[in-house]
Amino acid sequence: MNTKRIPISVLFVLTFFFPVLFSFGFSSHTYAQQSTVSADSSSDKIVRRIRFSGNKNVKNRTLETLIRTRTNREFLGIPRFTPWYYFWELSNGRFGETPTYLDRLVVANDMERIKLYYESLGFLQVQVDTTIIEYKTNKVEVSFIIREGPTSQIESISYSGIPFFTEPGKRFNFLKSSPLTRQRINDSTFAVNRQYNTQQLGAEQQRIIDFLKNNGFASIQKDSVIALVKRQVQNPNRLDIQFKINPGKVFRFGDVYVQLADGTPPDNYTQKDTLTSGEATIDSAKIFLAKEPGAQTKFSLLSDQILYKPGDIYNHELYLNTIREYQNLGMLFIRKFSQNETASQPDFSKQSIPTYLDLQTLTKHSIGSELFGMRRYGFGTGLGIDYTNNNVFGKAENFSLSANVSFEFVNESVLSEIADTSTQSSIFRSYELRGDYTVPRLNFPFAFLDNQPFFTSGLTRYSLSYSRSDQLFFDINSDVQFNLRYEVQHNPRYSSFFDLIELDIVDPSPTEEFIDNLRRDFGSDTLNNGTIVDPIELTRILEDFRPQVSSVIRYTFRSQRTDLIKRNYGYFSEYSLSAGGNIPYALDRFIITPDTLEQNLPSLFKLSENELSYSRYVKATADYRRYIPVSNSTVFSWRLFGGVAQPYGQSTTIPLNRRFFAGGSNDIRGWGPFQLGPGKTDPKEVRINGGEIKLAAFTEVRQVFLENLFRANWHAAWYVDAGNVWYGPRNDAASDEELRDGRFQFDEFYKQIAVGTGLGLRLDWEYLVARFDFTFRAHDLQEGWFNNKKLYFSFGIGHSF
C-alpha cells in the first residue's frame, strides 16, 4: 500500500509519551536490528572509546547525552583524556576513578534511545546498529552506526473536534496562532511545510489542552487530544497530521469554600460570611467564607484573592493564579486546596467544579531584642529592638519596626590623647529608627493593574529610616532614607521592579582631623603641583561624608530560566533604566529658591549649616548571561554587560555610588575591586574614580572532576574576562588633559579593553558554591599583551556570573 495511517494508540505513545519511554525503557520490536549485540550482562571489558558514524544531522555531544554507555570522565571534554582513570590504573586501584565496564544490555537500550530520538526529529526510517571492537586486551571501542534515511515533512495539519465559541473569531484565531501553521487551506486545515518533530507536536497538543481548559472544558486530558498521521500516496515522506480532539462538556466554576484557621487547635470557625450573586458570583453560585476569631483577618482579603466568579465558565489558568494569590499573601499558608471535598480529582459527573481552600495564619506579632557591649576608645553598650506585625489591618499588611541605640563612654584622659577635649564630647552615641511596610498588592498609582493578566502577583513596599550619630572627629547630623517600590512576578520567568521613589538625604560634618587621619591610614599621594590623590577606598568613604541628597526613579525588568545557585542551564537577563536627581531639582527650582537654580539644598530641619548637593542624570544597563550544558558534567557560560550613565541639565558628573566600576572577583578578574580604568589611565594617577560607560564580556567553562568529595562536587574552570569603564563626554570634573586617557572614544576604546584569563576551582555544595580563581592579565593596559607575568588570586561565594 502507498498510504499508511498510524493507529491512534501507537502514534500517541510514540509522539507524546516519548519522554516516558526515554526514561524507563522500550519495547523489543527493534532488537532485530541489533545482530551484533547479545543480551548478556556486563563484562570485564573496559569502555575506552565511543564513536558515532553516519550522524549527519545530530551532533555527537547530543547523542552522548542520550546513551548510558560511558567512558570514564573526560577532563574539560577532551576526547579520551581521562586523568582520573589513569590515576586508578597507575595506583593499581588504590585511588582515582574506577573504570567503566561494557554492558551489552545497556548498549542495546542505547541503540533504541538513539532510534527514538531520530524518529522524534522526523527520521522515521532511521536504522541504528553497533560494533564492539576489542582494540587492546580488555579495552573496547563501542561504535554506533546510524543510517539516518530521509526526513519526513509535515505538509498540513488539520483539527477535528475543536468546538465553536460565541465570541466571533475566537476559534479561528486560536488555530492560526499555532507556531506550526502557516497559510490557511480551509476553516480547520493549515499548511505547515516543516520537518516532522515530536517535541513540536507535543507542544501543540499541550497548547490545545490549555486553550480548552481555559474555556470551560475542564475534563480534557492528554488522551483527549491525539494525532493521526497519514502518508501521502505520491510521496510517503510527506505527512498530513490531523489532531483529533474530544473536548468533553463545558463546565462552570462551582461554589468556593474558604476557611482560615488561627493555628490553635481545635479549629472552630465561628465567624462566617456568604457572598451571593452580584459582583462576586453569577446566578446561584456562592462563596462560603469561614474563619476563626484569632485569625484577625477581614473577609474581604479572602474574597479579593479569588480571580474568577463562581458560576462563570471554568478557566484553569484563573484557578491556578488564585492559588498563587493566596500563597503570595505572606501571612498564611495553604494546608490544602482541591476541587473535590473528599477526593484528589474533580467530579466531572456534575456541571460545576467547586473549590476548597483550607488556610492557616502565621504568627501575627513577634518581638526580638539584642543587647551588646563593646570597647573601642572606651566602654560602651547598645540595644536593638525589632517588632513585626504580620497582618496589621487584617488584609495581609506586613509592618516591621526596628530601633537601635548605642553609647560609648570615653575617659577624658584617653580622649585628650586623641582629640581636642574642648570641642569633642566624651560620649559617642548613635541612633537608628527604621520602619518597613509591605502590602501584597499594587497600591496607588498602579492599583488599577492589580490582578490584571500578567499582574497577578504584586507587592508594594514602603521603607523609611532615620539615623543620627555623634562620633570621634565627625557627626552625622541626619541620614534619612525613603523608598517606595512596586514588585510584580509576572510569571515564573518574568518579573518587574519599579522604584518610584528612592530618596537618601545624608548630612555629615567630618572634621579636617578626621580626613587627615583617613589619608594617613589609606596612604594618599601628593603630586608635584600639590594635588592630593586619594585611593578609591578612601574616595568612596569621603563621598559618603559629603553632604548630599540623592533621588532615583528606576525600572528593572528581569527574565530568567536557570538555577541561580548552580547556573548550569538556561539564561539570566536584567535590564534597567533610571533617572536621578529629579526630586531635589524640583525642590530647588520651584520651592526652596523659586526661579533660581542653586544646585544644592539647605540642611534638613536646619540641623547644620551644610548645603546638600545633588546631580541629575539618566542611567541604563543591560546584562545577559547564558549557560550551555556541553555534557553531563561540563557547562559553557558567557555574559555580556553594557551600561551608560549621562548627566544632564547643569550637572556634569553623577554621584560616585551611581558610577560604573571594573575589577573584582565578580567582575573582571585579575584586577582588584574598582582598580581597573577608566580607560588606559594608570591607577596611580586616577583622580576621578569610576566611569559613566562600561562594556564587559565574560566566558567560562566548568567541568566536574570530583563528585561528592566532602559532600561537594569539585569543578575545574577556565575563564576569560574582558572589559573596562570610561568617562562620558560630559564629565568635566577635571581638566581635559587629566581625563583624556579615560575618555570613551570610538576609535580608541577597543584598544583599552583589559583581558584577564586563568584557571579556577569550584566547590559546589547543594546551597553554596565556593570559588577560587588564579588569573593572569593577558592584556594589562599599562604593560601590554602578555607582558605581566604576575598571578592574581581571588575568592568568591557563588559563580562569578
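A few comments on the model shown:
- Residues in the stretch 636-646 that are open to solvent by 40 Å² or more (accessible area, probe 1.4 Å) and not polar (S, T, N, Q): F636, W638, L640, V644.
- Given (1) at pLDDT 90 or above; (2) in contact with a strand residue (DSSP E or B) (Cβ under 7 Å, 6 or more places away or on another chain); (3) part of a loop (DSSP other than H, G, I, E, B), number of the condition S608 does not satisfy: (1)
- Filtered residue count, the stretch 549-581, keeping only those that are assigned to a loop (DSSP other than H, G, I, E, B) and within 30 Å of Q703 (Cβ to Cβ): 8
- Close pairs (8 angstrom Cβ cut-off, 6 or more residues apart or separate chains): closer than 17 Å to L503 by Cα and in a helix (DSSP H, G or I) in the stretch 582-603, of a type in the set (D, E) and open to solvent by 60 Å² or more (accessible area, probe 1.4 Å) anywhere: D588/E598
- On the stretch given as the stretch 570-584, residues that are open to solvent by 50 Å² or more (accessible area, probe 1.4 Å) and either touching a Pro at 6+ places or on another chain (Cβ under 8 Å) or more than 30 Å from R639 (Cβ to Cβ) (or both) total 2.
- Condition check for G649 on (1) open to solvent by less than 30 Å² (accessible area, probe 1.4 Å); (2) in a loop (DSSP other than H, G, I, E, B); (3) small (G, A, S): one failure, at (1).
- Filtering T342, T322 for residues that are within 27 Å of F251 (Cβ to Cβ) and modelled with pLDDT under 90 leaves a single hit, T342.
- Residue within the stretch 378-401 that is under 20 Å from S300 (Cβ atoms), open to solvent by 40 Å² or more (accessible area, probe 1.4 Å) and of a type in the set (D, E, K, R) present: yes
- Residue in the stretch 750-775 that is farthest from the chain's Cα centre (by Cα), counting only those that are at pLDDT 95 or above and of a type in the set (F, W, Y): F774
- Just so you know, in the stretch 626-635 the residues that are at pLDDT below 95 and either open to solvent by 50 Å² or more (accessible area, probe 1.4 Å) or in a strand (DSSP E or B) (or both) include one that is nearest to Y719 (Cα to Cα), and it is V635.
- Filtering the stretch 121-149 to residues that are in a loop (DSSP other than H, G, I, E, B), in contact (Cβ under 8 Å) with a residue 40 or more places away in the chain and touching a Phe, Trp or Tyr at 6+ places or on another chain (Cβ under 8 Å) leaves L121, G122, L124, E148.
- Selected residue (only one of T388, T363, T381 is in a strand (DSSP E or B), under 29 Å from L442 (Cβ atoms) and not charged (D, E, K, R)): T388
- Meets criteria (closer than 20 Å to K350 by Cβ and either open to solvent by less than 50 Å² (accessible area, probe 1.4 Å) or not in a loop (DSSP other than H, G, I, E, B) (or both)) for S219: yes
- For the stretch 143-188, the set of residues classified as among the charged types (D, E, K, R), within 30 Å of S53 (Cβ to Cβ) and either crowded, with 16+ Cβ neighbours inside 10 Å or under 39 Å from the mean Cα position of the chain (by Cα) (or both) consists of E148 only.
- If you filter the stretch 125-142 down to residues that are surrounded by 13 or more Cβ atoms within 10 Å (Cβ to Cβ) and of a type in the set (V, I, T), you find that the one that is nearest to Q195 (Cα to Cα) is V126.
- Criterion (among the aliphatic types (A, V, I, L, M) and either modelled with pLDDT of 90 or more or closer than 25 Å to S349 by Cα (or both)) met by exactly one of V233, V250: V250
- Annotation note: Cβ proximity below 9 Å between a residue of the stretch 279-294 that is under 21 Å from P265 (Cα atoms) and a residue that is β-branched (V, I, T) and surrounded by fewer than 18 Cβ atoms within 10 Å (Cβ to Cβ) (sequence gap 6+ or interchain) occurs for L289/T274; A290/T270; K291/T270; E292/T264; E292/T270; P293/T270; G294/T264.
- Residue satisfying all of: in the stretch 708-725; of a type in the set (A, V, I, L, M) and surrounded by fewer than 20 Cβ atoms within 10 Å (Cβ to Cβ); modelled with the lowest pLDDT among these: L709
- Yes/no for F705 being open to solvent by 10 Å² or more (accessible area, probe 1.4 Å), under 30 Å from N632 (Cα atoms), among the aromatic types (F, W, Y) and not in a helix (DSSP H, G or I): yes
- Residues that are of a type in the set (S, T, N, Q) and crowded, with 16+ Cβ neighbours inside 10 Å were ranked within the stretch 339-357; the one that is farthest from N391 (Cα to Cα) is S352.
- Among the residues making up the stretch 685-702, those that are buried (at least 19 other Cβ atoms within 10 Å of the Cβ) and outside any strand (DSSP E or B) are V686, I688, N689, G690, E692.
- Restricting the stretch 734-744 to residues that are surrounded by 13 or more Cβ atoms within 10 Å (Cβ to Cβ) and over 33 Å from the mean Cα position of the chain (by Cα), the residue that is modelled with the lowest pLDDT: A734
- Single residue of the stretch 607-625 satisfying the filter (under 21 Å from the mean Cα position of the chain (by Cα) and surrounded by fewer than 16 Cβ atoms within 10 Å (Cβ to Cβ)) that is nearest to I505 (Cα to Cα): A620
- Complete set of residues in the stretch 82-102 that are among the aliphatic types (A, V, I, L, M) and open to solvent by less than 60 Å² (accessible area, probe 1.4 Å): L102
- Residue pairs meeting the criteria (Cβ under 7 Å; at least 6 apart or on separate chains; first farther than 21 Å from K139 by Cα, in the stretch 100-120; second surrounded by 21 or more Cβ atoms within 10 Å (Cβ to Cβ) and not β-branched (V, I, T)): I114/F144
- The stretch 58-70 - residue that is of a type outside the set (V, I, T) and out of contact with any Ser or Thr (no Cβ under 8 Å at 6 or more places or on another chain) and, of those, most open to solvent (accessible area, probe 1.4 Å): K59
- Of the criteria (1) surrounded by 15 or more Cβ atoms within 10 Å (Cβ to Cβ); (2) modelled with pLDDT of 75 or more, which one A419 fails: (2)
The values are calculated or read from the model by the stated rules, or taken from the named source; none is laboratory data. This one's a predicted model, so the numbers in the text were calculated from it and none came from an experiment. Note that each Cβ is placed from the backbone with ideal geometry, even for glycine, and that neighbours are counted across all protein chains shown. Heavy atoms of the whole protein, side chains included, go into the accessibility calculation; ligands, DNA and RNA do not. Shrake-Rupley method; radii C 1.70, N 1.55, O 1.52, S 1.80 Å.
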